[in-house]
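The values are calculated or read from the model by the stated rules, or taken from the named source; none is laboratory data. Everything numeric here is computed off the predicted structure, so don't read it as measured data. Here the Cβ positions follow ideal geometry from the backbone for every residue, glycine too, while neighbour counts run over all protein chains shown.
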Amino acid sequence: MYWNADLECVPLEQRRELQLERLKSLVRRVYENVPHYQRVFREAGLRPDDILTLDDLAKLPFTTKDDLRRTYPFGLFATPLRNTVRVHASSGTTGKPTVVGYTRQDVDIWSEVMARTLTCAGVTQDDIIQIAYGYGLFTGGLGVHYGAEKLGATVIPVSVGNTKRQIMLMQDFGTTVLACTPSYALHLAEVLEESRVDRTRIRLRVGVFGAEPWTKQMGRELESKLNIVAIDIFGLSEIIGPGVASECLYNTGLHIFDDHFLPEVIDPVTGKQLPPGEEGELVITTLTKEAFPLIRYRTRDITKLYEEPCPCGRTHVRMSKILGRTDDMLIVRGVNVFPSQVESVLLEIGQTEPHYLLVVDRRGPLDQLEVWVEVSDKVFADEVRHLETLEKTIQRELESTLGIGVKVKLVEPKTIERSQGKAKRVVDKRDLYNRDK
Ligand code: ADP
Ligand code: ZN
């Protein structure tokens with residue numbers, strides 16, 4: 001079952017022709033419309049006409065999250081704002097979010113790749129899909145929503161949270177597909193177990209899980225607890241949102257919809273392209289996006305590519321499940337958290353030492369973020385009341401900056417281990433990435 005067999009199953013050679021044609025026109029488009037690209041192309045001594053083959057991709061400069069931050073909010077848009085019908089945003093490294101835009105055609109393409117994703121997962125027009133990804137600036141909810149509508153499935157746009165109601169709707173409406181983060185799915189599964197619901201009233205058969213890393217073991221647990229097939233979907237708002245890549249039912253890695261998103265894997269240190277099968281940083285060029293095209297965007301996600309054909313018949317390049325990050329970004333309850341955000345909040349408040357540690361754990365299925373902060377001897381010896389007030393202030397500011405609940409623990413000087421070289425700011429006890437163990 002394919003959504004768009006003409007494009008998904010063509011021989012690799014034919015897709016490469018399409019990619020080259022699209023790449024050439026993309027390079028011309030950004031050069032003509034985006035001052036940033038004009039400048040970096042000039043600096044690299046490149047003109048759009050220099051791109052003659054797909055191998056020439058490697059000559060193009062990378063785009064990074066820093067470039068997005070420098071041009072906040074709309075500086076990298078390649079079409080006038082009046083042609084932009086939607087913006088989304090995700091948390092940036094310091095307070096200001098990363099903003100992305102879509103023309104009407106971009107929204108159509110997004111719906112198309114999400115319809116492909118859902119079809120990859122075996123979802124059809126006959127399914128009832130409960131979308132428990134967050135709706136709003138986050139791309140998860142609306143991304144899946146548009147794809148599911150395009151496919152013709154029956155959409156329940158419930159968004160995340162209110163687990164009891166989720167379970168009620170699931171029974172009453174006969175939900176067959178659950179779309180949410182894997183950690184929320186685990187939470188739902190546990191509440192479902194505790195609530196002694198009549199299991200014959202749960203008709204779930206597929207889970208479409210993404211927006212954060214999850215291991216194969218966690219997938220198996222979800223499959224047995226919810227009696228479903230769990231499918232991994234991958235995306236990031238900079239590229240389009242969900243819909244960049246998806247597993248199919250053969251479990252052979254994630255198909256990257258590479259007629260729209262041209263992937264490379266590079267050595268994150270040297271920037272050199274790596275051959276298929278080698279692990280490195282995923283870099284993506286958006287071949288068709290109009291409002292917010294990106295040339296060689298460094299995702300900071302670690303993976304490897306496969307070119308061998310998949311038994312399902314799709315000829316897209318595939319990637320392994322995400323194996324890690326090159327930076328210290330954490331995803332806590334679906335929200336991106338950077339240690340630098342915590343640092344700037346602490347600096348703003350003052351009153352603490354510059355030593356802090358983020359401790360993330362999963363108690364039951366829910367992520368808990370604890371922030372340890374050292375205070376000076378003087379402050380620590382102060383009245384308990386003062387310490388409590390300070391703790392509350394830090395907690396309030398962190399919660400408003402990060403957008404998630406946080407527990408703050410003030411600790412004595414020298415409690416946090418000093419490292420040689422690069423400071424260790426994060427202890428993640430959740431064990432989320434697939435590493436051959
Ligand atoms: P989105 O809004 O699509 O979640 P964000 O920009 O907020 O996008 O976050 C994207 C990041 O989330 C990715 O760069 C990656 O680190 C992580 N992510 C998304 N999907 C997956 C997945 N299936 N497996 C592992 N990590 C994922
Ligand atoms: Zn396949």
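A few comments on the model shown:
- Residue check, Thr71 under 23 Å from the mean Cα position of the chain (by Cα) and surrounded by 17 or more Cβ atoms within 10 Å (Cβ to Cβ): no
Listed here are the residues, each with its yes/no results for (1) within 12 Å of ligand 1 (Cβ to nearest atom); (2) within 16 Å of His145 (Cβ to Cβ); (3) touching a residue at least 12 places away in the same chain (Cβ under 8 Å); (4) among the charged types (D, E, K, R).
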{"residue": "Arg86", "(1), (2), (3), (4)": "no, yes, yes, yes"}
{"residue": "Pro97", "(1), (2), (3), (4)": "yes, no, yes, no"}
{"residue": "Thr103", "(1), (2), (3), (4)": "no, no, yes, no"}
{"residue": "Val107", "(1), (2), (3), (4)": "no, yes, yes, no"}
{"residue": "Ser111", "(1), (2), (3), (4)": "no, yes, yes, no"}
{"residue": "Met114", "(1), (2), (3), (4)": "yes, yes, yes, no"}
{"residue": "Thr117", "(1), (2), (3), (4)": "yes, yes, yes, no"}
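- Looking at Glu194, Glu223, Glu247, just one residue is of a type in the set (D, E, K, R), in the same structural domain as Asp126 (by TED's automatic domain parsing) and within 21 Å of Arg116 (Cβ to Cβ), and that residue is Glu247.
- Meets criteria (surrounded by 12 or more Cβ atoms within 10 Å (Cβ to Cβ) and not in a helix (DSSP H, G or I)) for Tyr37: no
- Test for Tyr2: is it assigned by TED's automatic domain parsing to the domain that holds Tyr102, surrounded by 15 or more Cβ atoms within 10 Å (Cβ to Cβ) and either on the phi > 0 side of the Ramachandran plot or assigned to a loop (DSSP other than H, G, I, E, B) (or both): yes
- Val10 being part of a loop (DSSP other than H, G, I, E, B) and of a type in the set (Val, Ile, Thr): yes
- Within the range 224-239, considering residues that are of a type outside the set (A, V, I, L, M) and away from ligand 1 (no atom under 16 Å from the Cβ), the one surrounded by the most Cβ atoms within 10 Å (Cβ to Cβ): Lys225
- Of all residues in the range 307-329, exactly one satisfies the criterion of being more than 16 Å from ligand 2 (Cβ to nearest atom) and buried (at least 22 other Cβ atoms within 10 Å of the Cβ), namely Ile322.
- Of all residues making up the range 74-88, the number that are hydrophobic (A, V, I, L, M, F, W, C), out of contact with any Lys or Arg (no Cβ under 7 Å at 6 or more places or on another chain) and either surrounded by fewer than 16 Cβ atoms within 10 Å (Cβ to Cβ) or at pLDDT below 95 (or both): 2
- Summed over the range 248-277, the residues that are over 24 Å from Cys312 (Cβ atoms) and exposed (fewer than 14 other Cβ atoms within 10 Å of the Cβ) give a count of 4.
Matching residues to (1) in contact (Cβ under 8 Å) with a residue 12 or more places away in the chain; (2) among the aromatic types (Phe, Trp, Tyr); (3) part of a helix (DSSP H, G or I):
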{"residue": "Leu369", "(1), (2), (3)": "yes, no, no"}
{"residue": "Gln395", "(1), (2), (3)": "yes, no, yes"}
{"residue": "Ser400", "(1), (2), (3)": "no, no, yes"}
{"residue": "Ile404", "(1), (2), (3)": "yes, no, no"}
{"residue": "Leu410", "(1), (2), (3)": "yes, no, no"}
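- Residue match in the range 288-306 (condition: buried (at least 21 other Cβ atoms within 10 Å of the Cβ), of a type outside the set (Val, Ile, Thr) and farther than 22 Å from His88 by Cβ): yes
- Here Val208 passes the criteria (1) over 13 Å from Ile131 (Cα atoms); (2) surrounded by 21 or more Cβ atoms within 10 Å (Cβ to Cβ) except the one numbered (1).
- In a residue-by-residue description of the range 193-200, the property of being surrounded by 23 or more Cβ atoms within 10 Å (Cβ to Cβ) and away from ligand 2 (no atom under 16 Å from the Cβ) applies to no position.
- All positions within the range 288-305 that are out of contact with any helix residue (DSSP H, G or I) (no Cβ under 8 Å at 6 or more places or on another chain) and more than 17 Å from Gln19 (Cβ to Cβ): Thr299, Asp301, Ile302, Thr303, Lys304
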